Structures are given as C-alpha cells and as structure tokens.
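Undergrad: Once you've had a glance at the structure underneath, I'll fire off some questions.
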Amino acid sequence: MTPTQLNETGTPISSGQPMIVARNVEKWYSNHFHVLRGVSLTVNTGEVVVVMGPSGSGKSTFIRTFNALEPYQKGSIEVDGITLSHDLKNIETIRREVGMVFQQFNLFPHLTVLQNVTLAPIWVRRWPKAKAEAVAVQLLERVGILEQARKYPGQLSGGQQQRVAIARALAMQPKVMLFDEPTSALDPEMVREVLDVMRTLAGEGMTMVCVTHEVGFAREVADRVVLMADGLLVEEATPQEFFSNPQAERSQQFLSQIL
Ligand code: ADP
Ligand code: MG
C-alpha cells in the first residue's frame, strides 16, 4: 500500500483507503479473561468512528490494540498498511503514526506545556529543538492555549490540559488519532472546548476513532457509530440509523440508558 498523503497542515488527505483494518481480534487478560472475542473493524482514511458501549465491554482495550498499547492473541491488525504483529515488533513505527488522547490527560506533570508537546518530536522524531518548538507553538495556537505554554499542567484546568494532550499527540504528525473518553473526566463546562477541537480536527480530514458517549458529537461528527458489548462489536451503523433505529437489543438497551 502507498503511504498516506498529507495536506499542508500535516493531516492525511481523505482517500477512503483503509487506515485501520482489525480482523477477528481476540485478547485474553491473564490467560483466562476473554476480553475481546473476535472484533473486526475497518476505519478508512478521513473517517471518524465513534465507539460506544457499556463500561467494561472492552472499548479501551480494543482501541489500545491499534497503537500497540495492548498486545492481542488472535486475529490481525493493520495500520496504514503496517501489520501490528502479536509480539509488538512494530511498536516504534506504529506509535509515530497513531496519536492517543486519554481520559486522564496523562501529561508529564514536571514538564511545562511547551515541553510536553516538544518531548516526543525531539526524542522520537529527532527534530532539532527549534523546529519542535515552532511546530508546538502552532499547535498550541490551534487548540487555543498558546498563552499557557510556560505553565505546568497542574496550573491548568482539565479542559486546558486535555487540549494540551491533543496538541501533544498531534505534534507527532499522526495519521490517525485515538480518543478514549476524552471528556469523561471533565467538568461539564469544559467538555465543549475539547469537543470543539475534536470537531475541527475531524473537519480537517483527520482519521479518528473516538470512544465517547457524547451523543451530540457522535450525531454531528461521526461517519459511523459502533457499539461494543461483552467483548463483541454488536452494531455498526451511521449515526442517524444508530440513534433513531438501533437494530441490536444491546444497542437499544444502551441507548435507553444514555438518551
Ligand atoms: P471499557 O473501556 O469498555 O470500559 P475495558 O477495555 O477497559 O472496557 O475493560 C474490559 C474488561 O477488561 C473489564 O472487565 C476490565 O475490568 C478488564 N480489564 C481491563 N484492563 C485489564 C487488565 N489490565 N487486566 C485484567 N483485566 C482488565
Ligand atoms: Mg474504557
């Protein structure tokens, strides 16, 4: 497969080509807990897929297999044409291609905002500090937080920290971004500023997989919504179909709880 083309902001140009292809992925925790029981999903370049489902259904585990944060035992995963082997041989390459944003931000508390964003480009991409800082400044501006560049994460609000986390992930110029409940730890008044950044990113053509229960975001931004339950993908539909006419009983149950 040919490498993905990038536009002038470093975002992959939507081509409809598969970016992530997961086939029958199975995973056990501690050799006996069957957490993923054969999950298949294709995410095309430029697509936004929202993953929903009850707590404990395997959503985090599943998306963490896409950047080799979790090993899996059966099935296959390809990201941008690179096979993610079970033994995690391609970790380095994959981590450069796949950005991730976590519920708890996971910023480095002892580094400033600017240092958080430049760390990986300097150490992993081997960019000169000046280049890494120039790119970081652009990104911090893009997420609306440049004036906080010299502060430490602990001095920022949750919404600001999460926007820094997004900038940090984007600094590696990933081809796909994974979001694991990025607004779940935020006070309600900060949810919107983070969703706005995600919406903008989606509008620019970024390929995104988002675990989120933000229905408004899913309706507006997702190309597809998938529902996971008990380690299985039980439904995959457009947001319109999913929210107005869910087919699986588990989807109906789930929606009756969150809507
Ligand atoms: P979700 O993100 O949908 O809430 P997770 O992927 O976090 O679900 O977890 C799925 C299941 O796997 C849960 O029952 C959880 O307790 C279990 N689990 C998650 N991480 C581990 C781990 N490191 N070791 C053992 N069990 C785990
Ligand atoms: Mg989770």
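Undergrad: Being within 16 Å of ligand 2 (Cβ to nearest atom) and assigned to a loop (DSSP other than H, G, I, E, B) is the requirement here; does P182 meet it?
TA: Details: within 16 Å of ligand 2 (Cβ to nearest atom): yes; assigned to a loop (DSSP other than H, G, I, E, B): yes.
Judged against the criteria, P182 is a match.
Undergrad: List the pairs whose first member sits in region 43-57 and is more than 15 Å from D80 (Cα to Cα) and within 13 Å of ligand 1 (Cβ to nearest atom), whose second member is in a strand (DSSP E or B) and of a type in the set (G, A, S), and whose Cβ atoms are under 8 Å apart, counting only residues at least 6 apart or on separate chains?
TA: Matching pairs, first to second residue: G53/A229; P54/A229; S57/A229.
Undergrad: Any idea which of (1) more than 14 Å from ligand 1 (Cβ to nearest atom); (2) open to solvent by less than 10 Å² (accessible area, probe 1.4 Å); (3) closer than 30 Å to P246 by Cα is the one L84 doesn't satisfy?
TA: Every listed condition holds for L84 apart from (3).
Undergrad: Here are some conditions: (1) aliphatic (A, V, I, L, M); (2) open to solvent by 40 Å² or more (accessible area, probe 1.4 Å); (3) part of a helix (DSSP H, G or I). A132 meets all but one. Which one does it not meet?
TA: Condition not satisfied by A132: (2).
Undergrad: Please state which one of R64, R96 is within 16 Å of ligand 2 (Cβ to nearest atom), out of contact with any strand residue (DSSP E or B) (no Cβ under 6 Å at 6 or more places or on another chain) and not aromatic (F, W, Y).
TA: Values: R96 fails: within 16 Å of ligand 2 (Cβ to nearest atom).
Every option except R64 fails the conditions.
Undergrad: Residues of region 89-105 being surrounded by fewer than 15 Cβ atoms within 10 Å (Cβ to Cβ) and within 16 Å of ligand 1 (Cβ to nearest atom), which ones?
TA: Q104
The rows are residues; the columns are (1) in a loop (DSSP other than H, G, I, E, B); (2) open to solvent by 60 Å² or more (accessible area, probe 1.4 Å); (3) at pLDDT below 95; (4) in contact with a strand residue (DSSP E or B) (Cβ under 7 Å, 6 or more places away or on another chain).
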site: V117; (1), (2), (3), (4): no, no, no, no
site: G159; (1), (2), (3), (4): no, no, no, no
site: A165; (1), (2), (3), (4): no, no, no, yes
site: P174; (1), (2), (3), (4): yes, no, no, yes
site: L195; (1), (2), (3), (4): no, no, no, no
site: R199; (1), (2), (3), (4): no, yes, no, no
site: M208; (1), (2), (3), (4): no, no, no, yes
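Undergrad: Considering only region 34-48, how many residues are in contact with a Leu (Cβ under 7 Å, 6 or more places away or on another chain) and open to solvent by less than 10 Å² (accessible area, probe 1.4 Å)?
TA: Number of matching residues: 2.
Undergrad: Need the failing condition index for V124 against (1) over 17 Å from the mean Cα position of the chain (by Cα); (2) at pLDDT 95 or above, just the number.
TA: The single condition V124 does not satisfy is (2).
Undergrad: Based on this model, can you work out whether E92 counts as closer than 30 Å to T42 by Cβ and either outside any loop (DSSP other than H, G, I, E, B) or of a type in the set (A, V, I, L, M, F, W, C) (or both)? It would help to see each step written out before you state the result.
TA: Working: closer than 30 Å to T42 by Cβ: yes; either outside any loop (DSSP other than H, G, I, E, B) or of a type in the set (A, V, I, L, M, F, W, C) (or both): yes.
Yes.
Undergrad: Still on this structure: Look through region 58-81, keep the residues that are within 12 Å of I94 (Cβ to Cβ) and open to solvent by less than 10 Å² (accessible area, probe 1.4 Å), and return whichever of them is nearest to ligand 1 (Cβ to nearest atom).
TA: Looking at residues that are within 12 Å of I94 (Cβ to Cβ) and open to solvent by less than 10 Å² (accessible area, probe 1.4 Å), I get T65.
Undergrad: Return yes when F254 is over 19 Å from the mean Cα position of the chain (by Cα), within 16 Å of ligand 2 (Cβ to nearest atom) and among the aromatic types (F, W, Y) and no when it is not. Don't jump to the end; show me each part of the working.
TA: On the way: over 19 Å from the mean Cα position of the chain (by Cα): yes; within 16 Å of ligand 2 (Cβ to nearest atom): yes; among the aromatic types (F, W, Y): yes.
For F254, the condition - over 19 Å from the mean Cα position of the chain (by Cα), within 16 Å of ligand 2 (Cβ to nearest atom) and among the aromatic types (F, W, Y) - is met.
Undergrad: Would you check if there is a residue in region 206-220 being under 17 Å from S55 (Cα atoms) and away from ligand 2 (no atom under 16 Å from the Cβ)?
TA: yes
Undergrad: Taking the condition within 15 Å of the chain's Cα centre (by Cα), part of a helix (DSSP H, G or I) and at pLDDT below 95, does R64 pass? Before you say what the answer is, go through the steps one by one.
TA: Numbers: within 15 Å of the chain's Cα centre (by Cα): yes; part of a helix (DSSP H, G or I): yes; at pLDDT below 95: no.
Here the answer is no, as R64 does not meet what is asked.
The values are calculated or read from the model by the stated rules, or taken from the named source; none is laboratory data. Computed from a predicted model, the values in this text were never measured in an experiment. Cβ coordinates were reconstructed from backbone atoms using ideal geometry, including for glycine residues, and neighbour counts include every protein chain displayed. Please note that ligands, DNA and RNA were not included when accessible areas were found on the heavy atoms of the full protein model with its side chains. Shrake-Rupley method; radii C 1.70, N 1.55, O 1.52, S 1.80 Å.
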